[in-house]
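Notes follow once the structure below has been shown.
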Amino acid sequence: MTISNLVLVSVGNTRTRVARCRPWEGAHGAMDPSRVMDNADPGAVVTAVAEAAAATPAAETRLLLASVNAPLADRLVSELAGRALQVTRLVSTGGSGLVVPIQHELPAPVTVGVDRLLAALGAAARSGEACVVIDAGTAVTVDFVDGFGVYRGGVIAPGLAMQLRALREQTSALPEVQPPRSGGEALPTAALGLTTRDAMLLGCCRSVQGLVRLMIDKVAEAHGSYPRVLATGGDAPLLFEHDELVENIVPDLVPMGMMAAWRTVHAGEGDDEE
């Protein structure tokens, strides 16, 4: 039987996204907006996945799992084991799971995180053009996928919260500062911080934004032209919502890559449903 529904579960270091999609609906598949869960409450994550899976018949549904957080992913698989739902794991290299179907020239063994490859695949599927992909989460990654859909590599740096925490933990006088979140306090708008808190926030934010701009320039220099720039991750709106170089902020870029991976591997299976 053709799998007509997927439950996409992207397990990050801090948050998990759960989305339902219909991979063979329309020309490119259709996906519902994801539900974002905090990994600090694993039980709620399990419940959200179970609820998404229960919405469609198990025989027509597959759970597609991608994770950079092995303990939580293993718990999910264990607690869902009693259900009829089949689970397929997406992985970045050979082994137990479905290897992300993206071309690359990475040395063996491939050590790039599955989330980075899926975001690149999602960007390539969305745009069909060369893309710089920014993922601003627990860590910040900046990756490049060329116009032929080949993943070319990238860089990894500490994310905003990690930088702020390091300043607090590695000094004796600097305070604990949390990044502003959606609907909460905004970033300082001045060029210079007039308080220690604002100076820390501005310094950490500008370090991420400066890294991204430098990497875009470096990629453009190597590529011969400026690529499209997409951003995802929990801190992307805070850091890049008004950045003229960032064309779109795509919260569900990794789940989009997961759906694209399934469609690539199982191409043709949905023909009888159209």
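Structure notes:
Yes/no matrix, rows are residues, columns are (1) part of a strand (DSSP E or B); (2) at pLDDT below 95; (3) surrounded by fewer than 19 Cβ atoms within 10 Å (Cβ to Cβ); (4) of a type in the set (S, T, N, Q):
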position	(1), (2), (3), (4)
216	no, no, no, no
222	no, yes, yes, no
230	yes, no, no, no
256	no, no, no, no
261	no, no, no, no
268	no, yes, yes, no
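- Listed conditions (1) more than 19 Å from residue 123 (Cα to Cα); (2) touching a residue at least 40 places away in the same chain (Cβ under 8 Å); (3) in contact with a strand residue (DSSP E or B) (Cβ under 9 Å, 6 or more places away or on another chain) are all met by residue 187, apart from (3).
- Single unsatisfied condition, residue 30 versus (1) farther than 21 Å from residue 257 by Cα; (2) touching a strand residue (DSSP E or B) at 6+ places or on another chain (Cβ under 6 Å); (3) of a type outside the set (D, E, K, R): (1)
- Residue match in the range 129-143 (condition: free of Cβ contacts under 8 Å to residues at least 40 places away in the same chain and within 17 Å of residue 233 (Cα to Cα)): yes
- Every condition in (1) in a helix (DSSP H, G or I); (2) of a type in the set (A, V, I, L, M, F, W, C); (3) in contact with a helix residue (DSSP H, G or I) (Cβ under 9 Å, 6 or more places away or on another chain); (4) over 23 Å from residue 66 (Cα atoms) is met by residue 245 except one, and the failing one is (1).
- Among the residues making up the range 115-171, those that are among the basic types (Lys, Arg) and either more than 19 Å from residue 261 (Cα to Cα) or at pLDDT 95 or above (or both) are 116, 152, 165, 168.
- Residues of the range 76-110 that are without any contact (Cβ under 8 Å) to a residue 12 or more places away in the chain and either surrounded by 13 or more Cβ atoms within 10 Å (Cβ to Cβ) or hydroxyl-bearing (Ser, Thr, Tyr) (or both): 78, 96, 97, 99.
- Residues satisfying the stated conditions in the range 49-75, i.e. surrounded by 16 or more Cβ atoms within 10 Å (Cβ to Cβ) and either closer than 21 Å to residue 116 by Cβ or of a type in the set (D, E, K, R) (or both): 62, 64, 65, 66, 67, 68, 69, 72, 73, 75
- Complete set of residues in the range 21-48 that are surrounded by 15 or more Cβ atoms within 10 Å (Cβ to Cβ) and part of a helix (DSSP H, G or I): 42, 45, 46, 48
- Near pairs, Cβ below 6 angstrom, 6+ apart or cross-chain, from the range 156-177 (without any contact (Cβ under 8 Å) to a residue 12 or more places away in the chain and surrounded by fewer than 16 Cβ atoms within 10 Å (Cβ to Cβ)) to any residue that is outside any helix (DSSP H, G or I) and not polar (S, T, N, Q): 168/174; 168/176
The values are calculated or read from the model by the stated rules, or taken from the named source; none is laboratory data. Note that the structure is predicted; figures quoted are calculated from it, not measured. Neighbour counts run over all protein chains shown; Cβ positions are idealised from the backbone, glycine included.
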